[in-house]
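Down below is the structure, laid out as structure tokens.
The values are calculated or read from the model by the stated rules, or taken from the named source; none is laboratory data. These numbers come from a predicted model, not from an experiment. Ideal geometry is used to build each Cβ from the backbone, glycine not excepted, and the neighbour counts take in all protein chains shown.
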Amino acid sequence: MNKNNSLHEIVLKPLTKIYINDMITFANDIRVAQSCHLPYPFTLKNAQEIVTKSMHEQERQKGLHFAICQKEQFVGVINLGSMPKRDQVFWLSYWVGFPFWGQGFASTAVTKLLDSIKRENKVSKVYTAVWDGNGASKHILQKNGFKKSRCRLGGQDYHNRFRNEKVWEMLLQITK
Ligand SMILES: CC(C)(COP(=O)(O)OP(=O)(O)OC[C@H]1O[C@@H](n2cnc3c(N)ncnc32)[C@H](O)[C@@H]1OP(=O)(O)O)[C@@H](O)C(=O)NCCC(=O)NCCS
């Protein structure tokens, strides 16, 4: 595995319209979409809707949405969205463009985002879900302190991708 030796250069930048073209370039890839929430094919309209929703949530402090960048190079996206009717409970998701896999980008982005919310003390729990076949993502979550909370069979969510396959719900308890 080609580990990136300049992980300290990874920065999380607010997800805005300037990343729309990069998002299309790297998200419109079945290798990326097949294990996460992204639609495939991933179109200009999809990118515009995600960015508009992200900017709206950021302004209202209902979520944190970042482009993962190495210096000026976009490599992926990480989101922490609020969960309806659940104060201080958030939902984590992330993806990295295929050319950048295996270099520590997702691990570093998850750690950086969690470190920043722990400092701010406004989040009590972070949930996410991961398809059982996504070994890399399960590993990233576990090394960042997430615990398996329950296993269910996938349904119509995730564009039907995990229908009848095991999906792990994972929880990071930050404050009691
Ligand atoms: C999953 C994904 C985010 C990983 O991104 P990445 O930048 O390649 O991940 P990293 O390089 O930071 O870390 C991968 C880790 O998983 C480990 N790993 C890789 N394949 C693995 C496997 N099959 N089983 C267990 N661990 C695995 C690596 O060794 C590495 O761990 P280490 O740093 O402790 O050695 C990326 O592949 C992706 O975007 N996939 C499509 C979208 C997706 O699945 N998003 C997450 C949805 S829950």
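Residues in the range 135-160 that are assigned to a loop (DSSP other than H, G, I, E, B) and at pLDDT below 95: Gly155, Gln156, Asp157.
Screening the range 24-134 for helices (runs of 4 or more DSSP H) wholly inside it with 2 or more residues that are under 13 Å from Leu12 (Cβ atoms), free of Cβ contacts under 8 Å to residues at least 60 places away in the same chain and near the ligand (Cβ under 9 Å from one of its atoms) returns the ranges 105-120. Would you mention how many residues in the range 47-80 are hydroxyl-bearing (Ser, Thr, Tyr) and surrounded by 21 or more Cβ atoms within 10 Å (Cβ to Cβ)? The number of residues fulfilling the criteria is 1.
Whether a residue is surrounded by 18 or more Cβ atoms within 10 Å (Cβ to Cβ), closer than 20 Å to Lys138 by Cα and not hydrophobic (A, V, I, L, M, F, W, C) was assessed, and Gln103 passes this test. Within the range 135-148, the only residue that satisfies the criterion of being more than 6 Å from the ligand (Cβ to nearest atom), surrounded by 20 or more Cβ atoms within 10 Å (Cβ to Cβ) and not aliphatic (A, V, I, L, M) is Phe146.
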